[in-house]
Amino acid sequence: MKKNLLTIGILALSLSVQAQTVLMHVDNAAKMYVSKGSLVYNGGGLQTKGAGVIENHGNFMISGNGNSDVFRNLDGTTGAEVTAGVPGTFVNKLNEPGAVGSVNSEFSTIAPVYTYGQLYIDGLPQTAVRGVVDQEFRQPAHGSYQQMGFPFYDKVVSSLSGTTALGKTFNNTRYSGNEILYWDNNKVVSHNLPGGLNTRLGVDLDPYAYFIVGGSGLDVTNQTRTLVGRPVATPVVGTTPTLSKTLTGAGASIATFGTNGTAVNQYNEFYNTYLQDSFSSSAGVWVGNFGRNFYQFGNPYMTNLDLSQIAVAEANGDGNNLTDIYGVRLEVQGVQYSTAAGGGSTSFKFITFDSSGVAVGDVPYAMVRPMGTFVVKLKGNTSADALNFATLRRFNYHRRQPGTPYSVTAAKNGLSGTVKQLGVIGLDANGNEVDRTYYVVSPNTISGHTSNPTVQVTASKSLGTYEENPTTGGYDPNYFSYWLYINEANENNFKGKNIKLVNYNPSIVSFKFEIREDAAEIPAGTHLLSSNEGFFYKKGTDATVSPAVQGATVATQPGSQNGVEYDLYYGMPNSGTLTTVENEKKNRTLVIYNPDSDNYFVRFDPSWKKASIDVFDLSGKLVLSKKDVDAKGDYVLDLAKDVKIGYLVNVVSDKGEKVTSKIVK
């Protein structure tokens, strides 16, 4: 990130120091342009006068000194403070508004595709934050109701109406699609606003409240909206910025959700018409922890929030350590409502955490954008850990990695670890993502059904896995009542055993593999993890397995209503598990696809000296045969790139060890 540190000498801007209340002053008609990727640091108060404008495409920090500094707007003629603020004088701009539906890479070496101006204010009490900010905003469409956080203090909800705000008129009529509701974590219900449309954001409700905004006639996806208001202040306690919420009591007041969720809330709504908890449904629906310890929040800031390290006690980290966290839910999609069936959503992104705090699942979505929302799910209700939103703030668009000391601009470092995950992404005929699912293993995750899963999340779409038999692998017929978006097994007792992946979607005609270790992607074209093991896959009716290679795309049979089965493995199946896998002892010879060169190659076990290679097409015709191949290096298979057929590769060492692999093009 390019850093432009501006303090006293501000180009054409003038400077005013008034009893240390203001360090930077933007004079009438002056314009300050903060470019994309730049960082402006102001170690004191800030004021704009009249038509003076700060147009922020990058990152702007205001670090105040308690009650002695202010953020305010002045009248252009008299110089008096405008108590209601002056719109249009500090603008957080969207840089690529059309890319709002894209997710940024988690790697600092890859330029983000969706960026925006961000403002960070510390060290000023709320009474000193009196100026207003224009916050440009877009968000992917959620459906019948849009899920939002509002990063404003003392803004009246009725001011969200109108063409200069969210582009429609809101009312307080429940179920109309034009109301604004907020989520009550303790009572597990969406309430009408306490003061109707006169409710003041950040005053009558917490600044991190989660809002459900009527979607009738609302377009925040294709048109940039601008909301104006005072930013939320963050006081510094000791040396730490603090805006925290103690996580306790969510759902504790609900004695029972009723048989199959048929009890009602205070609005006579059945819990089973809106309460969705994929985290706990594999352990039992409407019992135990289901629907409880479930906290929904909105981002209270005009910066990103980084949730990737909230389950880790870091020596120099962000200070958050949710010791009993299950996971977080993000990126709600497909919100539906009908008077007959109630409300719900068809799709989410999930991140769960193993017992050591490593994130698995949809890790790139750990960055919550300004005005975004998220859900935290805890396993229990007694730890009373606090979530400090202030130290989650982050200008960068990729997450902070373990071992990187916390700062709002902290960069990505490398990492290693033992939590391993295979992502299987279902693609349509045009190569577009339709659905995805994950398989996670570690020394701490659990094989088979358990009432206390560690990272498991149930699925609601057309591609997923079923609960595995912990002893033999494959289906567990006792647990067909749910299937899984994130499946877990123990890498020690389940290595070489299969879980069942099933594709019910006829639009999915190929799979792409995404492999991570301790949440970081392994290099493209590689298969082996730090354990010297890897993930494998095969179609359910096949007898041979193939390595899952990072970034590789393999053609598959289209899904069907009855489901097309596949097997996923961590570690090569043991001898005898598959009749045509003839390894009498485990070896590390693999057939691997390299997407960069669009070639397949053989990578030999280090103990091999020589090998013979025979490649057959699926009609049984021998298409390639090589003898006495030097096994010290990789051997590239010279196969036709423009012929979309399958091959069977037999590799035999000079000692008679044999590996059979299938290539599907």
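The values are calculated or read from the model by the stated rules, or taken from the named source; none is laboratory data. Model, not experiment: these values are computed from the prediction. For neighbour counting, all protein chains shown are included, and Cβ atoms are generated from backbone atoms with ideal geometry for every residue, glycine included. The area values use the complete protein model at the heavy-atom level, side chains included, leaving out ligands, DNA and RNA. Shrake-Rupley method; radii C 1.70, N 1.55, O 1.52, S 1.80 Å.
At a glance:
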| read-out | value |
| --- | --- |
| Those strands (runs of 3 or more DSSP E) lying entirely in region 54-97 with at least 1 residues out of contact with any strand residue (DSSP E or B) (no Cβ under 7 Å at 6 or more places or on another chain) | none |
| Residue match in region 540-547 (condition: at pLDDT below 90, among the acidic types (Asp, Glu) and open to solvent by less than 20 Å² (accessible area, probe 1.4 Å)) | no |
| Matching residues in region 204-249 - criterion: being closer than 30 Å to Gly123 by Cβ, assigned to a strand (DSSP E or B) and open to solvent by less than 10 Å² (accessible area, probe 1.4 Å) | Phe211, Leu227, Gly229 |
| Identity of the residue in region 19-35, in a loop (DSSP other than H, G, I, E, B), touching a strand residue (DSSP E or B) at 6+ places or on another chain (Cβ under 9 Å) and not aliphatic (A, V, I, L, M), that ends up least open to solvent (accessible area, probe 1.4 Å) | Thr21 |
| Matching residues in region 144-170 - criterion: being modelled with pLDDT of 95 or more, part of a loop (DSSP other than H, G, I, E, B) and open to solvent by 50 Å² or more (accessible area, probe 1.4 Å) | Asp154, Thr169 |
| Tally of residues being farther than 18 Å from Val360 by Cα, polar (S, T, N, Q) and buried (at least 19 other Cβ atoms within 10 Å of the Cβ) across region 463-485 | 1 |
| Flag for Lys377 being assigned to a strand (DSSP E or B), touching a residue at least 24 places away in the same chain (Cβ under 8 Å) and within 27 Å of Thr445 (Cβ to Cβ) | yes |
| Sole residue being among the aliphatic types (A, V, I, L, M) and either buried (at least 16 other Cβ atoms within 10 Å of the Cβ) or modelled with pLDDT of 80 or more (or both), chosen from Leu618, Leu648 | Leu648 |
| Members of region 41-53 that are buried (at least 17 other Cβ atoms within 10 Å of the Cβ) and assigned to a strand (DSSP E or B) | Asn42, Leu46, Gln47, Thr48, Lys49, Val53 |
| From Ala283, Ala252, residue being under 30 Å from Tyr301 (Cα atoms), open to solvent by 10 Å² or more (accessible area, probe 1.4 Å) and not hydroxyl-bearing (Ser, Thr, Tyr) | Ala252 |
| Hits in region 492-514 - residues which are under 25 Å from Phe353 (Cα atoms) and open to solvent by 20 Å² or more (accessible area, probe 1.4 Å) | Asn492, Asn493, Lys495, Lys497, Asn498, Lys500, Lys512, Glu514 |
| Near pairs, Cβ below 7 angstrom, 6+ apart or cross-chain, from region 182-201 (at positive phi) to any residue that is open to solvent by 30 Å² or more (accessible area, probe 1.4 Å) | Gly196/Asn172 |
| Residue within region 260-278 that is at pLDDT below 95, open to solvent by less than 60 Å² (accessible area, probe 1.4 Å), of a type in the set (Phe, Trp, Tyr) and out of contact with any His (no Cβ under 9 Å at 6 or more places or on another chain) present | yes |
| Answer residue from region 385-429, given it is at pLDDT below 95, of a type in the set (S, T, N, Q) and more than 18 Å from Thr303 (Cβ to Cβ) and is most open to solvent (accessible area, probe 1.4 Å) among those | Ser416 |
| Candidate set from region 171-203 (those that are within 24 Å of Val232 (Cα to Cα), among the hydrophobic types (A, V, I, L, M, F, W, C) and crowded, with 16+ Cβ neighbours inside 10 Å); member that is nearest to the chain's Cα centre (by Cα) | Trp183 |
| Tabulated pairs, region 306-329, first at pLDDT 95 or above and crowded, with 24+ Cβ neighbours inside 10 Å, second among the hydroxyl-bearing types (Ser, Thr, Tyr) and not in a loop (DSSP other than H, G, I, E, B), C-beta under 6 angstrom, 6+ apart or interchain | Gly327/Thr352 |
